[in-house]
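Shown next, in structure tokens, is the structure this report addresses.
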Amino acid sequence: MPIENSRLRGFYKLSVKERREKVAELAGLDQDAIDSLAATGELSEEAADRIIENVIGTMALPVGIATNFIIDGEHYIIPFALEEPSVVAAASNMAKRCHAKGGFTSNNTDPIMIGQIQVVGCEDAFAAKEAILDSKKELIDSCNEVDPILVKFGGGCRDLNARVIDTQSGPMVIAHILVDCRDAMGANAVNTMAETIAPRIEVITGGTVILRIISNLAIHRLAKVSATFTPLEMSDSGDSEQGSDVIDGILQAYHFAAADPFRATTHNKGIMNAISPIGVACGQDWRAIESGAHSFASHERTYGSLTHWEKDSEGNLFGSIELPMPVGLVGGAVRVHPVAKANVAIVGARTADELSKVMAAAGLAQNLGALRALATVGIQAGHMKLHARNMAVTAGAEDHEVDLVVDMIRASGERITAATIENALKSLRE
């Protein structure tokens, strides 16, 4: 379940233990979940060996909590597992800037995944395509017979279509099964259905089936989230006029991304800076999410932005995001990895649809954070401020010296660079 209030004032000032205890209290975590979060080596060798093959060890990532998210009227705190500083802070900062208009709103589509069946060697590819379509009901029924549990929970194969494509190997018939996967990501269900009907498709078409596999370009399973940000919320000074200038700068930065694939690639990487870490934290197939998102950014168009930004009639900034979000709460690492289970509990996601809207909202907030920084102080100001502690460690600072070095640099007003960090460390030791 979502929490009562995601606005955690002073959360960043608490110790790691205090933050963990606060999140555990808010999310109602049991002791096993708390212990998993507290353990730096939370995944045993035995558990790791069950997840993938040839295991030699594990590798930990920091898990940070993004706060301030209100989505469809409910409050969420969101775990991010990643190594890059400033991401969690930026998402949290932007999430609180749309509260005046109610936070984020979602309008997701049904969890429909595509399974592809490739048919080659047909005497007449177009006649084979029509033969598949003529047998649509029979093939759909066969798909659903192989997964009665999915059908029981309201899912199953919903439709089937086919097309002919020209390739270097000659014309191919590609059949698509459209499967409602409910709370599963769906790869196993979709692949099993595709393999089940492949022999029958060979009989129907007179061709040979080669591939029977899910597509990660999930154009029918879209997360759609939007939010409105007032000029006052976009200002740091409480000045609506200054906030309006910030909005204008954000729009110009967005228009650059919308028009130029070179910019759009980094623009969308910033969006995935939030979405992928949540996927990692919650045991999702984040590679599938990444590939689907970037493919969708160029689907039937020149590669462009996954978000859209505009100014409404009242001068507010309106933003929206739309992208495939193949996530699941059934099967996979989400059911095996103890911290993944704990992180899903922190989100409070009751369905895959709920998790997908949370991830999309975080992506929209993170995108705004990057656009706002680019349009004002520049991306490095906030990033380097938070990255300074890492730089101090790299320069050789001991644990007791790290914060002292960072404080010296900030007090001096100097730009944070490797050289200034090294000089500050030298001065401290002298």
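Observations on the structure shown:
- Positive-end extreme of charge dipole, region 269-394 - chosen from 317, 305, 334 (charges on Cβ): 334
- Extreme residue, positive dipole direction of the chain, given options 207, 161, 142 (C-beta unit charges): 161
- Helical content of the chain, expressed as a calculated mean residue ellipticity at 222 nm, amounts to -15500 deg cm²/dmol (DSSP H runs of 4 or more residues, -39,500 (n - 2.57) each, divided by residue number, nearest 500).
- Simple spin-label estimate for residue 208 and residue 116 in nanometres, 7 Å along Cα-Cβ: 1.9 nm
- Between the beta carbons of residue 59 and residue 192, assuming R0 = 35 Å, the FRET efficiency works out to 0.65 to the nearest 0.05.
- The base-10 log of I(q)/I(0) for region 381-429, evaluated at q = 0.14, 0.21, 0.27, 0.29 Å⁻¹, reads -0.25, -0.57, -0.98, -1.15 [Debye formula, identical scatterers on Cα atoms, solvent excluded].
- Among 337, 299, 267, the residue with the largest mean-square fluctuation in a Gaussian network model of the chain, with springs joining Cα atoms closer than 10 Å, is 299.
- Rel. contact order, % - alpha carbon contacts under 8 angstrom, at least six apart, the chain: 19 percent
- Angle of helix 399-412 to the longest C-alpha principal axis of the chain, folded into 0 to 90 degrees and rounded to 10: 70°.
- Under the Karplus curve 6.51 cos²θ - 1.76 cosθ + 1.60, θ = phi - 60°, whole-Hz ³J(HN,Hα) for region 245-259, x wherever Gly or Pro sits: 5, 4, 4, 4, x, 4, 5, 5, 5, 5, 4, 4, 5, 5, 9
- Residue pairs exceeding 20 angstrom between C-alpha atoms, taken from 101/224; 22/341; 152/341; 224/341; 152/357; 96/357: 152/341; 224/341; 152/357.
- Region 197-284: projected area of the alpha-carbon convex hull, averaged over directions, in nm²: 10.2 nm²
- Selection from 267, 2, 247, by position along the positive dipole direction of the chain (Cβ): 247
- Two-site FRET efficiency, residue 133 against residue 415, from Cβ-Cβ distance with R₀ of 41 Å, rounded to 0.05: 0.05
- The phi-based Karplus calculation (6.51 cos²θ - 1.76 cosθ + 1.60; θ = phi - 60°) puts the 3J(HN,Hα) values of region 189-200 at 5, 5, 5, 5, 4, 4, 5, 5, 8, 4, x, 5 Hz, whole numbers, x for Gly and Pro.
- The chain: mean projected area of Cα convex hull, nm²: 24.7 nm²
- The convex hull defined by the C-alpha atoms of region 1-108 has an orientation-averaged projected area of 8.8 nm².
- For region 303-372: relative contact order, % (alpha-carbon pairs under 8 angstrom, 6 or more apart): 29 percent
- All-pairs alpha carbon distance profile, region 112-215, 5 Å steps from 0, percent: 2, 15, 27, 24, 16, 9, 5, 2, 0
- Sequence ranges 92-100, 127-135, ranked by mean other-Cβ count within 10 angstrom, highest first: 92-100, 127-135
- The H on the amide N of residue 159, modeled in the peptide plane, is under 5 Å from the matching H of 178, each at least 5 residues off or on a different chain.
- Among 345-358, 231-244, 187-200, the order from most to least packed when residues are scored by Cβ within 10 Å on average: 345-358, 187-200, 231-244
- Degrees separating the helix 16-27 axis from the principal Cα axis of the chain, which is the longest one: 50 degrees
- Most mobile of 12, 303, 76 in a GNM of the chain (Cα contacts under 10 Å): 12
- Computed lengthening from residue 256 to residue 146, 0.36 nm per intervening residue step minus Cα-Cα distance: 34.8 nm
- Free-standing Cys, the chain [no other Cys Cβ under 4.7 Å]: 98, 122, 181, 282
- Largest to smallest principal axis extent of the C-alpha atoms in region 116-169, angstrom: 41, 22, 13
Quick note: the coordinates plus some simple rules give every number you see, no bench work behind them. Remember, it's a predicted structure, so these values are computed and weren't measured experimentally. Cβ: placed from backbone, ideal geometry, glycine included. Neighbour counts: every protein chain shown.
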